[in-house]
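*Asks:* Handing you this structure, nothing more for now.
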Amino acid sequence: MTAMQHVSLGAHYVVHLPTPDDFAFWRERARQLIQCDVPPDRVSWVEPGGTGDLFAQEGPSRGERRLPLPEKSARQVRASKRFMKLARNAALHSDPERFGLLYRVLWRLQSKPRCMEDKADADVRRVEELDKSVRRDSHKMHAFVRFREVTDETGAEHYVAWFEPDHHIVRANAGFFMRRFANMNWSILTPRGCLHWDGTTMRESGPARREDAPGGDPVEALWKSYYSSIFNPARLKVGAMLAEMPKKYWKNMPESELIPELIAGAQAREAGMVAAGAREDRKLPSSVDAIAQGIGACRDCPIAECSTRAVMGEGALGARLMIVGEQPGDQEDEQGKPFVGPAGQLLDEYLTKVGIARSQAYVTNAVKHFKFTWKGKRRLHQSPTAKEIDACRWWLEAERSVVKPRVVLALGASAARGLLGKTVSIARARGTPMPLEDGSELWVTAHPSYLLRLDGEARAEQAAKFESDLEAVRARLTQIAGC
Ligand code: URA
């Protein structure tokens, strides 16, 4: 019997999802059913423990084994990118009808590829609502999970948190917590299942009860610094604040004592969010203050969420020389100033040697936040990816348009990429200036932290090249000043 005959006989299919959040499983089965032309009213989607199997008594029970198989020549299944993006989240919603809803929309997409844009389509609107509500739940999990330190049976420290999600979002957010707390041993307990991370492996276990989680003080310092970085001034509105942070979370929140301080800075941060938003319109912020506020609020790449603060460039406006590094390091992140740590000290030493006054230059970085990984209690620098550098280029461009340097000196490959939008080899690019689109010229040299990692002859050789690059820049500045 072919798939079409199944349908004409009115066969009803029941698909049992192995877990309530298994989008990949749904996608595979949905593709198979669409290829066999099984309309939505002939399929029931049942999640574990679910009651959605209305036909189980009269139709084929455990229909999974009996799903029709598409013929080899079956047509491709159409699914727009937007649908897939929303469906992935919507599948995590706690609405028991969600899989059927998704299948209806996928079915419709086969004959109406633009149906996701149809404002009047109630199913599409519902998928959007589910997506939004799941995103919101994930956001709450990121913001309100509170770890408490416990000592396990081996005497090792372990951090345990209790959280009550509204939807099936726990597994989908495992990666977020793994990246954020990579070097901690932690467990997140929830009534929808638990996650356990030991620094290398993620394990899952079944639902937990609140009593399974420890009481006591959360790890305050960690959470206070985390909360400062995610605080959103818009939540100052009490109504919005209550909606965003339901009271059930409040008693667990050590950061509530930070609120007065954050309120004091909220106006500036709000202005920053406006500056960050202006990016959509491609309007470069026109003052150093607007840029500083904008980078403080920028979340265009994930680095910002872990660092303490954005580090703005500093120096003379109208400086002839702009020096661009890679990204703030540990000390720059602490102090909020560029090049104040070991690499900065080495840079200062060579600038002085060749006769460039740092006070006459503008010093900044290609990436404005510190990217690091924890090693025990130390934060170790991690290089930004090309994508992260590119996300920050906008701010560097804004700084250049305000400072208007004649000469820009890029320290290292990340800085060069921030200025050129492409990767260049330092060995090939050094020594010869390149024109930038605003009329200034770009000189490229190594990053001082590269010298710090070398010793012996290798260091002496690279130091000589570095000095000679700076010397060439100084000579060029002298020439420009004389014009
Ligand atoms: N390294 C950089 O690239 N920039 C700094 O500000 C500090 C270290």
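*Asks:* Taking 1 over the mean of 1/r across every pair of different Cα atoms in region 314-463, what Kirkwood radius in Å do you get?
*Replies:* Its Kirkwood hydrodynamic radius stands at 15.6 Å.
*Asks:* Taking 0.36 nm per intervening residue step and subtracting the Cα-Cα distance, what contour gain separates Glu461 from Ser80 on full extension?
*Replies:* In short, 131.6 nm is gained.
*Asks:* Follow-up question, since we're still on this one. Non-local amide H neighbours of Val15 (under 5 Å, H modeled in plane, Pro and chain starts lacking H): which ones?
*Replies:* Ser44, Trp45, Val46
*Asks:* Give the peptides 461-472, 370-381, 180-191, 402-413 in descending order of average Cβ contacts within 10 Å, highest first.
*Replies:* So the order, starting with the most tightly packed, is 402-413, 180-191, 461-472, 370-381.
*Asks:* Listed highest first by mean packing, meaning other Cβ atoms within 10 Å per residue, what order do 151-164, 15-28, 69-82 come in?
*Replies:* 15-28, 151-164, 69-82
*Asks:* Okay, next question. So between Ser287 and Ala386, what do we pick up on full extension, going 0.36 nm a residue minus the alpha carbon distance?
*Replies:* Numbers: separation 99, 0.36 × 99 = 35.64 nm, distance 2.65 nm.
This chain segment gains 33.0 nm when fully extended.
*Asks:* Report the label-to-label distance for Lys132 and Phe176 in nanometres (one decimal), using points 7 Å from each Cα along the Cα→Cβ vector.
*Replies:* A separation of 1.8 nm, rounded to one decimal place.
*Asks:* Using only the Cα atoms, what convex hull volume per residue in Å³ does region 145-212 have? Provide the component values of the computation, followed by the final result.
*Replies:* On the way: hull volume 5.8 nm³, N = 68.
Here the figure is 86 Å³ per residue.
*Asks:* Then there is this: May I ask you to evaluate 6.51 cos²θ - 1.76 cosθ + 1.60, the Karplus curve with θ = phi - 60°, for each residue of region 91-101 and list the ³J(HN,Hα) values in order in whole Hz, giving x for glycine and proline?
*Replies:* 5, 8, 5, 8, 5, x, 8, 4, 5, x, 4
*Asks:* I would also like to ask the following. Full-extension gain between Met434 and Glu471, please, as 0.36 nm times their residue separation minus the C-alpha to C-alpha distance.
*Replies:* My answer for the length gained is 11.6 nm.
*Asks:* Quick one: which residues, 5 or more positions from Ile323 or on another chain, have an amide H under 5 Å from its amide H? H modelled 1.01 Å from N in the peptide plane, none for Pro or chain starts.
*Replies:* Tyr362, Val363, Thr364, Leu409
*Asks:* Summarise the accessible area of region 145-212 (1.4 Å probe, protein heavy atoms) by the percent that is carbon and sulfur.
*Replies:* On region 145-212, the fraction of accessible area on carbon and sulfur atoms equals 47 percent.
*Asks:* Sticking with this structure for a sec: Quick one: Karplus J couplings for region 302-314, per residue in order, coefficients 6.51, -1.76, 1.60, θ = phi - 60°, nearest Hz, x for Gly and Pro?
*Replies:* Values per residue, Gly and Pro as x: x, 4, 4, 5, 9, 6, 6, 7, 7, 10, 7, x, 8 Hz.
*Asks:* Taking H as built 1.01 Å from N, whose amide H comes closer than 5 Å to the amide H of Phe147, not counting residues under 5 places away?
*Replies:* Amide H neighbours of Phe147: Val219.
*Asks:* How much of the DSSP bridge set in region 145-212 is antiparallel, in percent, rounded to the nearest 5?
*Replies:* Of those bridges, close to 75 percent are antiparallel.
*Asks:* In the structure displayed, which of Lys81/Lys140; Lys140/Lys283; Lys85/Lys140; Lys81/Lys368; Lys81/Lys387; Lys132/Lys422 lie more than 29 Å apart, Cα to Cα? List each step's numbers first, then the result.
*Replies:* Details: Lys81/Lys140 26 Å; Lys140/Lys283 32 Å; Lys85/Lys140 20 Å; Lys81/Lys368 32 Å; Lys81/Lys387 21 Å; Lys132/Lys422 36 Å.
Check vs 29 Å cut-off fails for Lys140/Lys283; Lys81/Lys368; Lys132/Lys422.
*Asks:* Could you let me know the centre-to-centre spacing of region 378-396 and region 128-152, using Cα atoms, in angstrom?
*Replies:* Value for the Cα centre distance between the two parts: 26 Å.
*Asks:* Residue by residue through region 389-400, what is 3J(HN,Hα) from phi via Karplus (6.51 cos²θ - 1.76 cosθ + 1.60, θ = phi - 60°)? Round to whole Hz and write x for glycine and proline.
*Replies:* Using θ = phi - 60°, the values come out as 5, 5, 5, 8, 4, 3, 6, 5, 4, 5, 4, 5 Hz.
*Asks:* In Å², what does the accessible area per residue of region 355-400 work out to with a 1.4 Å probe?
*Replies:* Details: 2090 Å² over 46 residues.
Accessible surface, normalised per residue, equals 45 Å².
*Asks:* Related question: Net charge near Tyr159: determine it from the other residues with C-beta under 9 Å of the C-beta of Tyr159, scoring Lys and Arg +1 and Asp and Glu -1. Mind dumping the intermediate values first?
*Replies:* Working: positive: Arg148; negative: Glu149, Glu157.
Here the charged neighbours net out to -1.
The values are calculated or read from the model by the stated rules, or taken from the named source; none is laboratory data. Remember, predicted model here, so these are calculated numbers, not experimental data. Note that each Cβ is placed from the backbone with ideal geometry, even for glycine, and that neighbours are counted across all protein chains shown. Heads up: the accessible areas ignore ligands, DNA and RNA and are worked out on the full protein's heavy atoms, side chains in. Shrake-Rupley method; radii C 1.70, N 1.55, O 1.52, S 1.80 Å.
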